[in-house]
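Chemist: Provided herewith is a single structure, encoded as structure tokens, for subsequent inquiry.
The values are calculated or read from the model by the stated rules, or taken from the named source; none is laboratory data. Values in this document were obtained by computation on a predicted structure and should not be read as measured data. Cβ placement follows ideal geometry from the backbone for every residue including glycine, while neighbour counts extend to all protein chains displayed. When the accessible area is computed, the model is the full protein with side chains, heavy atoms only, and any ligands, DNA or RNA have been set aside. Shrake-Rupley method; radii C 1.70, N 1.55, O 1.52, S 1.80 Å.
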There are 2 protein chains.
Amino acid sequence: MKTVSENRSFGGVQGVYTHMSEVCDCEMTFAVYMPRQAWNEPVPCLWYLSGLTCTHENAMVKAGLQAHASEFGIAIVFPDTSPRGQGVADDEAYDLGQGAGFYVNATEAPWKSNFQMETYVASELRDLVTEKFEVSVHHGITGHSMGGHGALTLAMKYPGHYQSLSAFSPIANPTGSDWGRKQLGAYLGSDESLWTAHDASLVLRDKGWSGDVLIDQGADDQFYDLLRPESLVAALVETRTAHEYRLQKGYDHSYYFVSTFARDHVAWHAERLNVNRP
Amino acid sequence: MKTVSENRSFGGVQGVYTHMSEVCDCEMTFAVYMPRQAWNEPVPCLWYLSGLTCTHENAMVKAGLQAHASEFGIAIVFPDTSPRGQGVADDEAYDLGQGAGFYVNATEAPWKSNFQMETYVASELRDLVTEKFEVSVHHGITGHSMGGHGALTLAMKYPGHYQSLSAFSPIANPTGSDWGRKQLGAYLGSDESLWTAHDASLVLRDKGWSGDVLIDQGADDQFYDLLRPESLVAALVETRTAHEYRLQKGYDHSYYFVSTFARDHVAWHAERLNVNRP
């Protein structure tokens, strides 16, 4: 692991790091915010998965999460959204290939050589972060848009991994949306039965979620129809999964929306990750 | 005035606008955050001047000021740092020309046709904002680096304009620094006696500041020697100007530093701009 940069921020350190990923077979970049509370003891760890076109940097710079992580004494990990670099497959479209990994393990060429983002986030990077940083065994996961999809599906697929869960305007039903069908088809092939394990609305009915979940969605989201939040709401209600769903009047899909509600999400995770506030 | 974008943010609206500037003789872009309190009555207005290479966008996206503006019920204006566009003079260096207006009125060719940032910020844009937005007569000013220089010098040169003042790691003594001598020479000519009116450490001794001033400076600022904070501290002490100067251990010159202390600055201005908090 190499350190790209470290900046003091809200009493802690915002770092950017690179490492050679075995599962993605390329160098990957990620960011970690460590609050000052970690100087004394391991702190809980919140995973923030980003959306289409993002790198590790967007949320790190725009979401304002460091202030809240510092307040509650939680580390935040910002993974990249895909493998990158020369020799890594890509597509001209903004919503396929580099910047659009969808948090799945690709089985189809040319993607399968590098696009193993499910295992990368849920196992490889998790192991690295746990080894290299003062984080406790308490992990939560959240994300925005494609990253909200990643947070929801990974939490349900790896039930021991994450003790708390939330999402900002997640892609909620990708098997029924142009934000999903194209990518799941490319990465997993044309057998749609293999896609269902990566659709939060379907996985919730299949595997369920033992905890509760907080979801914020902008009512004026310009991508509302692609996200299909109504499918997830229906699944939450039908499965009687404990949840808080907030359709926020006037808000769009941008980081102005995410940053506005970021503190609520960090507080949600803190309450569930055994943070004892002073 | 044209609206480029408006996004709901922390209950208010973050807008970006363009207008034809008479004094800069080109189209200028600026951003305004209006908190929801302005739906009911005019709110105080804080001017945030940005540093070298910045546009209106950097602080708007990275400083996290909207959260605090929303909390305290204050509007924030983010001007650009220079005129821009085809036909506007520029220089290859990052620290001269477009993105580096230094908040002065240029008198030398080729700059004088457009680079009138002092009058632009202190008068033309001020008049436009006052006319178009629900802001009260209570204005404060702050800024970062070159913008901290702008905030300090404009506040002292226009004593009726700003009732509160602060700065983040300001260029504090430009007549004695490579961040200043080059630009003041280019914009104002070689007569150094004309530069002194744009050097906070000198203007403070000449004109003084009737209020108090909050200044945050990173102790690990990579540009510390160019900023010359010690000159300003000496002037503050010698003139017995009421002030709070904080040399912040471990912090550098980045927006990780600015965002960490942004709330303190908004609170500082709110207290001095007649904000009655609920």
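Chemist: Indicate, rounded to the nearest 5 percent, the antiparallel portion of the DSSP beta bridges found entirely in chain A.
Modeler: Antiparallel bridges: around 50 percent, rounded to the nearest 5.
Chemist: Measure of size requested: the Rg and Dmax of the protein assembly as shown, with Cα atoms as the atom set and Å as the unit; please supply both.
Modeler: In Å, with Rg to one decimal and Dmax whole: 25.0, 78.
Chemist: Rg/Rh for segment A:65-171: what does it come to with C-alpha atoms and Rh from Kirkwood?
Modeler: Rg/Rh for segment A:65-171 comes to 0.98.
Chemist: Show me the GluC sites (Glu not before Pro) within segment B:1-74 that DSSP assigns to loop and that have at most 11 other Cβ atoms within 10 Å of their Cβ.
Modeler: B:E22
Chemist: Oh, and also: Where the only charges are on Cβ atoms (+1 Lys, Arg; -1 Asp, Glu), what is the dipole of the protein assembly as shown about its Cα centre, to the nearest 20 debye?
Modeler: Values: 40 positive and 68 negative charges, 255 e Å.
Dipole size: approximately 1220 debye.
Chemist: Under the definition of Cα pairs under 8 Å and six or more residues apart, what whole-number percent is the relative contact order of segment A:2-272?
Modeler: On the way: 614 pairs, mean separation 47.1, N = 271.
Reported relative contact order: 17 percent.
Chemist: Which value, in nm² and rounded to one decimal, describes the direction-averaged projected area of the C-alpha convex hull of segment A:122-165?
Modeler: Orientation-averaged projected area of the Cα hull: 3.0 nm².
Chemist: Among A:H56, A:H198, A:H243, whose mean-square fluctuation peaks in a Gaussian network model of chain A (Cα, cutoff 10 Å)?
Modeler: A:H243
Chemist: Report ³J(HN,Hα) in whole Hz for each residue of segment A:214-225, in order, from the Karplus equation J = 6.51 cos²θ - 1.76 cosθ + 1.60 where θ = phi - 60°; Gly and Pro get x.
Modeler: 9, 10, 10, 9, x, 5, 9, 4, 5, 10, 3, 5
Chemist: In nm, what does the list of distances from B:T196 to its counterparts in the other copies look like, shortest first, when each label sits 7 Å along Cα to Cβ?
Modeler: Those separations, rounded to one decimal, come out as 8.2 nm.
Chemist: Follow-up. Work out the charge dipole of segment A:2-272 with +1 on the Cβ of Lys and Arg and -1 on the Cβ of Asp and Glu about the Cα centre, then indicate which of A:I74, A:V61, A:S190 is farthest towards its positive end.
Modeler: The listed residue farthest towards the positive side: A:I74.
Chemist: Give me a comma-separated list of calculated 3J(HN,Hα) values for segment A:79-91, in order, Karplus coefficients 6.51, -1.76, 1.60 applied at θ = phi - 60°, integers in Hz, x for any Gly or Pro.
Modeler: With the stated coefficients, segment A:79-91 comes to x, 6, 9, 5, x, 8, x, 5, x, 9, 4, 8, 9 Hz.
Chemist: Suppose each label sits 7 Å from its Cα in the direction of the beta carbon; what would the B:M1-A:A242 distance come out to in nanometres?
Modeler: With each label point 7 Å from Cα toward Cβ, the separation is 4.8 nm.
Chemist: If you plug each phi of segment B:165-178 into the Karplus form 6.51 cos²θ - 1.76 cosθ + 1.60 with θ = phi - 60°, what whole-Hz ³J(HN,Hα) values come out, in order, with x for Gly and Pro?
Modeler: 8, 7, 7, 9, 5, x, 5, 9, 8, x, 5, x, 9, 5
Chemist: Since chains A and B are linked by a rotation, which residue in A has the beta carbon closest to its axis, and how far is it in Å?
Modeler: Taking Cβ atoms only, the nearest residue and its distance are A:G64, 2.
Chemist: State, to one decimal in nm and shortest first, how far the label point of B:M20 sits from each corresponding label point in the other identical copies (label point: 7 angstrom along Cα-to-Cβ).
Modeler: From this label point to the equivalent ones elsewhere in the assembly: 6.1 nm.
Chemist: Continuing with the same structure: Select from segment B:1-110 those chymotrypsin sites (Phe, Trp or Tyr not before Pro) which occupy a DSSP coil region and have at most 14 other Cβ atoms within 10 Å, ordered by residue number.
Modeler: When the chymotrypsin sites (Phe, Trp or Tyr not before Pro) of segment B:1-110 are filtered for loop state and at most 14 Cβ neighbours within 10 Å, B:Y94 remain.
Chemist: Once label points are set 7 Å from the Cα along Cα→Cβ at both B:R263 and B:K249, what is their separation, rounded to one decimal in nm?
Modeler: So the two model labels end up 2.1 nm from each other.
Chemist: Taking a ≥ b ≥ c as the square roots of the Cα gyration tensor eigenvalues, with a/c under 1.5 meaning rounded and otherwise prolate when a/b beats b/c, else oblate, which class fits chain A?
Modeler: Oblate is the answer for chain A, as a/c is 1.5 or above yet b/c matches or exceeds a/b.
Chemist: Which residues' amide hydrogens lie under 5 Å from the amide hydrogen of B:W195, considering only partners 5 or more residues apart or on another chain, with H built in the peptide plane?
Modeler: Close amide H contacts, sequence-distant or interchain: none at all.
Chemist: Using modelled amide H (1.01 Å from N, peptide plane; none on Pro or chain starts), what sits under 5 Å from the amide H of A:V135, excluding residues fewer than 5 places away?
Modeler: So A:V135 has HN proximity to A:V43.
Chemist: Which value, in square angstrom to the nearest 100, describes the accessible area buried between chains A and B on both sides, using a 1.4 angstrom probe?
Modeler: 1600
Chemist: Among B:T18, B:Y245, B:N274, whose Cα projects farthest towards the positive end of the dipole of chain B, with charges put on the beta-carbon of Lys, Arg (+1) and Asp, Glu (-1)?
Modeler: Working it through, the farthest residue towards the positive pole turns out to be B:N274.
Chemist: Any idea how far the Cα center of segment A:184-262 sits from the one of segment A:92-137, in Å?
Modeler: Taking the Cα centre of segment A:92-137 as reference, the centre of segment A:184-262 is 20 Å away.
Chemist: Going through the cross-link list B:K157/B:K182; A:K62/B:K182; B:K132/B:K157, which pairs have a Cα-Cα distance over 27 Å in this structure?
Modeler: Over 27 Å apart, Cα to Cα: A:K62/B:K182.
Chemist: For segment A:167-278, just list the percent of Cα-Cα distances falling in each 10 Å bin from zero outward, please.
Modeler: Per 10 Å bin, starting at 0, the Cα pair percentages come out as 13, 39, 35, 12, 1, 0.
Chemist: Hey, can you grab everything whose amide H is under 5 Å from the amide H of B:S9? Only 5+ residues off in sequence or another chain; H modelled, so Pro and N-termini drop out.
Modeler: B:Q14
Chemist: Still on this model: Any idea what the dipole of segment A:1-82 comes to, in debye rounded to 20, about its Cα centre with Lys/Arg Cβ at +1 and Asp/Glu Cβ at -1?
Modeler: On the way: 4 positive and 8 negative charges, 62 e Å.
In debye, rounded to 20, segment A:1-82 gives about 300.
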